[in-house]
Every structure is written in structure tokens, then in C-alpha cells.
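The values are calculated or read from the model by the stated rules, or taken from the named source; none is laboratory data. Model, not experiment: these values are computed from the prediction. Cβ coordinates were reconstructed from backbone atoms using ideal geometry, including for glycine residues, and neighbour counts include every protein chain displayed.
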Amino acid sequence: MRRRQPGSTARTFTDDLIATAADGHPADLVHVGSVAGHALYPNWSVYSATKAAVAHLTRNLRAELGPRNVRVKNVEPGVTLTELGTDMRDTQMSATLSGMRTALHPLAAEDLAEAIAHAVAAPPHVNIAELVVVPVQQG
């Protein structure tokens, strides 16, 4: 009987990651969460809770898959230019998000791609388990 793996992303890729690691190659499962998972953002409680869940899922998967040489990591970006907010019905929240993005130089997708590339390029026995990536002005 095949063991069922938790988490939809993990469930999809776990067998291949374990096989890759067993062959002696680096195997990385990378989740992208948000700094909202551990920071306070009034009126963003549901969004923040989902990002906290990503962080906790990642830590648990790291405990489960790490002993099998699969590196599991969570990259948590700060203010980033994404599609987030394009379908917001709450005009005040949309304005708040827009204001955050114009108040500083937000991250771009390329910034996160570079950070992830750095994390997965670590030596095979090293796991950059949690990586917070924020615009300098965000602190």
C-alpha cells in the first residue's frame, strides 16, 4: 500500500523528491508564504492565517521529509507586486495595499526567483529552511 503524503503540493511531488534524494541529488520542496504569516496586518486576518498555515505545514513536512534527504523550505516575501488585490471588493483594503506598494520599492517576481535560486543552490547537506525576503524599506 502506498503511503499517503500530506498537503496537496507535497502529495503531488513527494514521491519524485524522495526518489531524487535517494539517487544522491538535491531535492527541494519550496513553498511561498508571506511575512503576513507572522506579522500583524489588521483587517487581513484570514489572509494572514492562511500564510501561517503554510509556514506550519512546511515545518511539519520538513520534519517528515528531512530524514529522507528532501529539503523543505518556506520563502516568505514582504510587499510584492503580484495580482493580489486585483479582485478585491473592499475599496479600503485595496487602497491600503496600493499604498503599501507605492510607499516603498516593492519586490518583483524576479527578486523572489533569485532568492529561491540562492536557497536551492546551497550544498546538499544544507537546508535554508525559512527565508524572509522583504524590500529594504519594509525593514
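Miscellaneous remarks
- Only listed residue being over 14 Å from Val32 (Cα atoms) and loosely packed, with under 14 Cβ neighbours inside 10 Å, chosen from Arg101, Arg89: Arg89
- Residues in region 15-49 that are β-branched (Val, Ile, Thr) and touching a Gly at 6+ places or on another chain (Cβ under 8 Å): Val35 alone.
- Among the conditions (1) over 17 Å from Leu131 (Cα atoms); (2) within 14 Å of the chain's Cα centre (by Cα), the only one that Asp15 does not satisfy is (2).
- For region 37-52, residues that are at pLDDT 90 or above and of a type in the set (Gly, Ala, Ser) total 4.
- Residues of region 11-24 satisfying the condition of being in a loop (DSSP other than H, G, I, E, B) and either of a type in the set (Asp, Glu) or at pLDDT 95 or above (or both): Asp23
- Unmet requirement for Arg62, which otherwise passes all of (1) without any contact (Cβ under 8 Å) to a residue 40 or more places away in the chain; (2) surrounded by 14 or more Cβ atoms within 10 Å (Cβ to Cβ); (3) under 24 Å from Pro123 (Cβ atoms); (4) not hydrophobic (A, V, I, L, M, F, W, C): (1)
- Hits in region 69-124 (condition: β-branched (Val, Ile, Thr), part of a loop (DSSP other than H, G, I, E, B) and more than 18 Å from His31 (Cβ to Cβ)): Val79, Thr86
- The set of residues from region 65-80 being under 17 Å from His118 (Cα atoms) and either of a type in the set (A, V, I, L, M) or surrounded by fewer than 19 Cβ atoms within 10 Å (Cβ to Cβ) (or both) comprises Val70, Val72, Val75.
- If you go through region 43-59 and keep only what is part of a loop (DSSP other than H, G, I, E, B) and exposed (fewer than 14 other Cβ atoms within 10 Å of the Cβ), you end up with just Asn43.
- When region 63-105 is filtered for residues that are of a type in the set (Gly, Ala, Ser) and more than 21 Å from the chain's Cα centre (by Cα), the ones remaining, listed by number, are Ser94, Ala95, Ser98, Gly99, Ala103.
- Against the numbered list (1) at pLDDT 90 or above; (2) in a helix (DSSP H, G or I), Leu131 comes up short only at (2).
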